[in-house]
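The structure appears below as structure tokens.
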Amino acid sequence: MLNIVLFGPPGAGKGTQAEKLIVHYGLKHISTGDVFRFNIKNGTDLGKLAKSYMDKGELVPDAVTIDMLAAEVDRTPDVKGFIFDGFPRTSVQADALDRLLEKKGMSIGMMVALDVADDELKLRLKGRAETSGRADDADPEVIANRIAVYKEQTAPVADFYARQGKLRLIDGIGEIDTIFSRICEAIDKG
Ligand code: AMP
């Protein structure tokens, strides 16, 4: 079983790399952002709640996000492993994920953290806004808030995995395939 946390600031390329990793390693991809957007599209209560936070670039409350993540994991038994993308985003979520997996006799193998400088992130998100249709990519103020929230609340999650010897920092600048090779090398090394 190979369970990976794919980590990095908004615009670091997590979604792009996750798509390649699930094919290469046969893993199940869980993106909490994608699940929220699916709920928004379908007009569910969860979607309505999530939207009120996402539109401002704030995090959806931990309790809601953790319950949703647990339901997604339960929905897919018999997989080779999971790629968690956009989760955990707080220390409370990281703790909850460890406990959730432990109950199932599983654990996180490693955190793959994509390292990309702020200026590059802003450029990438601006470019992505033209095709993603995401409201939170289109507004520079919301983008700036997402990066600030990342630094304050999410970046410390890397320390949580570093303490467990599970953090692998990957240079996230370069061609998509070059970055993918760097990630695979880190995963294959274990
Ligand atoms: P993403 O698609 O990962 O960029 O997430 C888009 C937005 O969804 C974030 O800015 C948050 O508002 C919300 N979101 C996604 N994942 C989480 C999470 N693990 N905890 C709280 N909010 C989240």
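The values are calculated or read from the model by the stated rules, or taken from the named source; none is laboratory data. Everything numeric in this text was worked out from a predicted model, so none of it was measured. Quick reminder, even Gly has a Cβ in these numbers, built from the backbone with ideal geometry, and neighbours come from all protein chains shown. For accessibility, only protein heavy atoms count, side chains too; no ligands or nucleic acids. Shrake-Rupley method; radii C 1.70, N 1.55, O 1.52, S 1.80 Å.
Summary table below
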read-out: Residue match in region 163-174 (condition: under 27 Å from F38 (Cα atoms), open to solvent by 60 Å² or more (accessible area, probe 1.4 Å) and touching a residue at least 24 places away in the same chain (Cβ under 8 Å)); value: no
read-out: Pairs where the first residue, in region 25-48, is at positive phi and the second is open to solvent by 40 Å² or more (accessible area, probe 1.4 Å) and of a type outside the set (G, A, S), C-beta under 8 Å, 6+ apart; value: G26/K80
read-out: Selected residue (only one of I183, I143 is closer than 24 Å to I108 by Cβ, in a helix (DSSP H, G or I) and open to solvent by less than 30 Å² (accessible area, probe 1.4 Å)); value: I183
read-out: Hey, G57 within 9 Å of the ligand (Cβ to nearest atom), of a type in the set (G, A, S) and over 24 Å from A162 (Cα atoms) or not; value: yes
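Yes/no per residue for (1) open to solvent by 10 Å² or more (accessible area, probe 1.4 Å); (2) modelled with pLDDT under 95; (3) touching a His at 6+ places or on another chain (Cβ under 9 Å); (4) part of a strand (DSSP E or B):
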{"residue": "V23", "(1), (2), (3), (4)": "yes, no, no, no"}
{"residue": "G43", "(1), (2), (3), (4)": "yes, no, no, no"}
{"residue": "L49", "(1), (2), (3), (4)": "yes, no, no, no"}
{"residue": "S52", "(1), (2), (3), (4)": "yes, no, no, no"}
{"residue": "D67", "(1), (2), (3), (4)": "yes, no, no, no"}
{"residue": "P77", "(1), (2), (3), (4)": "yes, yes, no, no"}
{"residue": "R89", "(1), (2), (3), (4)": "yes, no, no, no"}
{"residue": "Q93", "(1), (2), (3), (4)": "no, no, no, no"}
